[in-house]
Amino acid sequence: MKLEQAVARHYAHGTLEASILDALTAAGKDLNHLTPKDFAPVDEFHVGGRPATIAFAEQFGARPGMRLLDVGCGLGGAARYFASEHGCLVTGIDLSGEYVDVANALAARVGLGDRVSCRQSSALELPFAAGSFDAAYMFHVGMNIEDKPRLFREVRRVLAPSGVFGIYDVMRLAPGDLHYPVPWTGSSEVSFVADAESYRRLLIAEGFEVVKERNRRDFALEVFAQMRARGAARAPAPLGLHIVMGESAGQKVKNMTGDITAGLIAPIELICRVAK
């Protein structure tokens, strides 16, 4: 519980919804006529943002009517994407009550309140009956969770017998000290970055088979290069992840970029199925 409280504190903001709406107004958006894409610069809190979500969806196999669980939904960007672009019914959970409130408010603003519903909960104790979902996914969540066996066990429990579980996490490539702060934590005390082999082993032990794996390091480095180029060419946009990450946003991104460049970590996709 203390660990989860520390994680929730890391993501605390206080006036997140108002800050996002103010930034949208500053960007020239009409708050009464917003689309899910309008929020993409701020609510896709993972390496690569919306392009990474789209690429993941191609591997994941989302389809209309699919009951999806978003583990660690954050502001609900991925949930709204799967609902609006793939016709899925998405339930999200997150430790942060503020994130959940904002996720639900933004879904309502873009007319997705009937297809996206988020609630505050722990991924280690999911408040759902067995077999409630056709598929589940998590984007950049495992780095904050030490007890991955319990996480995977809970996801397996709430999936249907033919269920799919997709993961897009930052994972270890080589030993070495990481540099903090990073987007998911300010210190090593709540950072639990594991390698892909550990993920595979633990997933198999909890009843999954890994059917696809993709290292996205090159993609991440290209994303960061494009960010630097845009930053050099023009002033920062009003709406962006700096709103979520706070004053240390630049240092967090710099540290993560440096560790990816050094070959210590990389974002990696795993697509799993419930083993028969």
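The values are calculated or read from the model by the stated rules, or taken from the named source; none is laboratory data. Please read all numbers here as calculations on a predicted model, not as lab measurements. Note: ideal-geometry Cβ built from the backbone for every residue, glycine included; neighbour counts use all protein chains shown. All accessible areas refer to the heavy atoms of the entire protein, side chains included, with ligands and DNA or RNA removed. Shrake-Rupley method; radii C 1.70, N 1.55, O 1.52, S 1.80 Å.
By the helix-only formula, in which each DSSP H run with n ≥ 4 contributes -39500 (n - 2.57) and the sum is divided by residues, the chain has a 222 nm mean residue ellipticity of -12500 deg cm²/dmol. Carbon and sulfur: what percent of the range 1-89's accessible surface (1.4 Å probe)? Carbon and sulfur atoms account for 54 percent of the accessible area of the range 1-89. For the range 112-194, the per residue solvent-accessible surface stands at 39 Å², with DNA, RNA and ligands left out and a 1.4 Å probe.
Round to the nearest 0.05 the FRET efficiency obtained for LEU3 and HIS33 when R0 = 30 Å and r is the Cβ-Cβ distance. The computed FRET efficiency comes out at 0.10.
In the full protein context, the range 1-99 carries 41 Å² of accessible surface per residue, based on a 1.4 Å probe and ignoring ligands, DNA and RNA.
Within straight-line reach of LYS252, meaning a Cα separation under 29 Å, sit the following lysines at least 8 residues removed in sequence or on another chain: LYS2, LYS29, LYS37, LYS148. The residues of the range 201-276 have, on average, 54 Å² of accessible surface per residue, using a 1.4 Å probe with all protein chains present. Of all the options PRO36, PRO175, PRO238, the one that moves most in a Gaussian network model of the chain with Cα springs shorter than 10 angstrom is PRO175.
Checking [x] 19.7, 72; [y] 17.6, 53; [z] 19.0, 59 against the coordinates, the calculated Rg and Dmax of the Cα atoms in Å falls under label [y]. Rolling a 1.4 Å probe over the protein heavy atoms of the range 124-276, with every protein chain left in place, gives an accessible area that is 53 percent carbon and sulfur.
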